[in-house]
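The values are calculated or read from the model by the stated rules, or taken from the named source; none is laboratory data. Remember, it's a predicted structure, so these values are computed and weren't measured experimentally. Glycine also receives a Cβ, built like all others from the backbone with ideal geometry; neighbour counts cover every protein chain displayed.
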Amino acid sequence: MTQRFVDRVVTSAENAGKILMKYREEGFTVNSKEGMEFVTEADLKSEDFLRKVLTNLLPESSFLGEESWDGSFPDTPFWVVDPLDGTNNYAMGIPFFCISIALVDGEGVCLGCIHDPVHKETFTALRGGGAYLNGMPIRVSPAVQLRDAVVATGFPYTRTPEDLTFDVQVLSKFLGVVRGVRRCGSAALDLAYTAAGRYGGFWEENLKSWDMAAGVLLVREAGGKVSGFREKDWSLLSGGVQCSTPGIWNEFCSIIEKRPRLSGDA
């Protein structure tokens, strides 16, 4: 895969970002999806644009986008795209959202690109080729203890008062030992920030392939450890993700896997 090809993917992501910023300035329609999740006019326009440009870039490829997914995975090669990750943030005027693009071949994710149009940051990775932020190499955090790390997580949109649909005990345990916990509302950017060493780790349940694919490759290529949430390995079928810098990996996973009990639990 040539650098020219990667550059064209980056340009595609940047142009999709311009679409998002244009709608952000001029206004857009908002509709509800499952649970507490939104979809905006900007999501749809961004996905339509990326479908056209990416399949033209690689004519033999198929396209899997969040807003048009039919529930099945196409034959490789195919693109996995979130045209606007962090839609709730976007709809509420919170400047933390991105475009996430991954290319999948017969061996898995081979290219990842995450573009933040607000902060003009573009994260890229090629399988076996390292991870980059705006063209400069990035590495995961050097932290060797959880108490030296800020970690991140996310909360499912499907939560209800009766069932939050995620393990609150894990969050409580992390809060007691890490330097800080962040919940910013974009899993793709949380993964990119972990790859860049800003976070020491990230975990989230109830995610989809388009939330994770590009970011997982970024973390791996930046030297991090990754698995599915409470899974041995990560794949496009994984329902979540856990990742961290190698120095805290065992400690990080032990908190997630042991399901620590709180006082008062049966």
task = Just give me the residues in the range 52-62 being under 21 Å from the mean Cα position of the chain (by Cα) and surrounded by 18 or more Cβ atoms within 10 Å (Cβ to Cβ), in sequence order.
result = LEU54
task = Filter the range 191-216 down to residues that are among the charged types (D, E, K, R) and either in a helix (DSSP H, G or I) or not assigned by TED's automatic domain parsing to the domain that holds VAL241 (or both), then give me how many there are.
result = 1
request  = With respect to LEU20, determine if the residue is modelled with pLDDT of 95 or more and either over 19 Å from the mean Cα position of the chain (by Cα) or over 30 Å from GLY128 (Cβ atoms) (or both).
outcome  = yes
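From the set of residues in the range 74-91 that are part of a strand (DSSP E or B) and more than 17 Å from LEU111 (Cα to Cα), which is farthest from the chain's Cα centre (by Cα)?
Filtering the range 74-91 for residues part of a strand (DSSP E or B) gives 78-85.
Those left that are additionally more than 17 Å from LEU111 (Cα to Cα): 84-85.
On the way: LEU84: 11, ASP85: 8 Å.
For the range 74-91, the residue satisfying everything is LEU84.
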query = What number of residues within the range 121-161 satisfy the criterion of being in a strand (DSSP E or B) and either charged (D, E, K, R) or over 22 Å from GLY93 (Cβ atoms) (or both)?
reply = 15
remark   = Of GLY17, GLY71, the only residue that is under 28 Å from GLY108 (Cα atoms), surrounded by 16 or more Cβ atoms within 10 Å (Cβ to Cβ) and of a type outside the set (Lys, Arg) is GLY17
query = How about the range 96-120: which of its residues are farther than 13 Å from ALA195 by Cα, out of contact with any Leu (no Cβ under 6 Å at 6 or more places or on another chain) and part of a strand (DSSP E or B)?
reply = ILE99, SER100, ILE101, ALA102, VAL104, ASP105, GLY108, HIS115, ASP116
inquiry  = Testing LYS232 on (1) at pLDDT 95 or above; (2) of a type outside the set (Phe, Trp, Tyr); (3) surrounded by fewer than 23 Cβ atoms within 10 Å (Cβ to Cβ), one condition comes back false. Which one is that?
reply    = (1)
remark   = Of the residues in the range 239-258 that are at pLDDT below 95 and part of a loop (DSSP other than H, G, I, E, B), the one that is farthest from ASP148 (Cα to Cα) is GLY239
